[in-house]
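Only one structure is covered here, and it is reproduced in the block below.
The values are calculated or read from the model by the stated rules, or taken from the named source; none is laboratory data. On a predicted model such as this, the values are computed, not experimentally measured, just so you know. Here the Cβ positions follow ideal geometry from the backbone for every residue, glycine too, while neighbour counts run over all protein chains shown. Ligands, DNA and RNA are excluded from the accessible area calculation, which covers all protein heavy atoms including side chains. Shrake-Rupley method; radii C 1.70, N 1.55, O 1.52, S 1.80 Å.
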Amino acid sequence: MRLLPRSAFGQTVFLIGFLLLINQLMSYLSVAFYVIKPSTQQINHLIAKQIKVVFIDSNQTEPLLSSELTERFQHVTGIEVYSEAQALQKGLAQAIYYKYFSDLMSRELGGAAEVRVAQGDSYAFWVQPPQAPNYWIKVPLTGLDETDFSPLTFYLLIIGVLSVVGGWLFARQLNRPLKSLQQAALQVGRGDFPPPLAENKGSTEVIAVTKAFNYMARGIQQLEQDRALLMAGVSHDLRTPLTRIRLASEMMQEPDNWIRDGIVSDIEDMNAIIDQFIDYLRHHKEEPGQKESLNTLVHELVQAEHLQQRSITTELMDDLPKVTLRRVAMKRVLNNLLENGLRYSDGDITISTGFERNRKRVYLQVRDHGPGIPEEQMKAMFEPFTQGDVARGSGGSGLGLAIIKKIVDMHHGDITLHNHAFGGLVVTVYLPLR
């Protein structure tokens, strides 16, 4: 279990709270050693002097004063002298023994003394002096009765709350540009290029990182544009000679039909590969998103005429939640998955949809009954120009799954591959509800 926070925001708030705790602790120790301790020593010294007045002779075992003087002394000072039995009736049994005060009083009175403090309706010191071990002296502390510590407690509480809130606001202000930077980096990673981030917010270090990120994003965007332009030029330049070759093949004599058919087939394959290159670069970024059900896309694609040559089984969830998606792009995903299943297997194709309520995402699953893909090759199948040559043949450009992966990433989704226990490859596409 990790106790310390990992985010910069959490670490900053934790640091401020920790420093505040240390500050409060040091303040308490300072008050205890430099205010409370001298005060208690002074109180103990004054009480000892008053007790010495009662027992003037250190060898006496009873108070020296007459009953009249004792009564007047008690009236003025509030100090009362009781036998142990009387003291127990007057509240000695409820008083709490304090070793610290007892040690101080023992040094003041020159012998073993016991001190107890009563904390009922009023504070009082009960002292058993060494001069008269059978007597207890009750010294009232009226000053403590009137002491109210609530303003100090309230002050410390307010200081703590303001410090934590101030630290939270400071950390939040510091991390806001970093949050924007994170979101922009995720967009660039998906192939989208957001507007440049503001370069005048945050600390100097954050501003420097933001400027570097904007510079990097502009470079990546320019590289992406140059690549698309290069591919468009190459595809245009390739299609022109391919068109001429096809026209020339159409003029071939009747006995050379088999040669012509082979040339036409190769030209169509090359055009399909060029289209895949262009799709991989574009992947429908310009298409707006809209709320759509995956079941609708499955129905439209399964009903297409060119798919009726094979049996396609659908297992679609009723009332499947709608998700925001780019319709044309997702139809290409489903179409590519079906084409792969039809190309690399001879059995039926099963398409299913569902909803994972706990993870708040829907899924689309396509299963064929072909040979599958070796486990060690699955991680590399989404890389461009990668094919499962051993198990699934070697035709095509190797861009089909790469295009699918790019479109799914654009939808903040995920895609997985696994071999079914009874044979065939299962491809699952997950799309979040939000």
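Available extension along the chain between ILE22 and THR243 is 71.5 nm, counting 0.36 nm per residue and deducting the alpha carbon span. The Stokes-Einstein estimate for region 160-211, based on a Kirkwood radius over Cα pairs and taken at 37 °C with 0.692 mPa s viscosity, is a diffusion coefficient of 268 µm²/s. Scattering from region 192-267 was approximated by placing one identical point on each alpha carbon and applying the Debye formula without solvent; log10 I(q)/I(0) at 0.24, 0.25 1/Å stands at -1.01, -1.05. Pairs exceeding 26 Å between alpha-carbon atoms, taken from LYS201/LYS405; LYS37/LYS138; LYS179/LYS379: LYS201/LYS405; LYS179/LYS379. Placing pseudo-labels 7 Å out from each Cα toward the beta carbon at GLN41 and ASP275 gives an inter-label distance of 9.6 nm. For region 327-375, the solvent-accessible area works out to 45 Å² per residue, with a probe of 1.4 Å and every protein chain left in place. Applying Stokes-Einstein at 37 °C and 0.692 mPa s to the Kirkwood radius of region 183-233, computed over alpha-carbon pairs, gives a translational diffusion coefficient of 276 µm² s⁻¹. The protection proxy used here, the mean number of other Cβ atoms lying within 10 Å of each residue, ranks peptides 323-335, 247-259 as follows, highest first: 323-335, 247-259.
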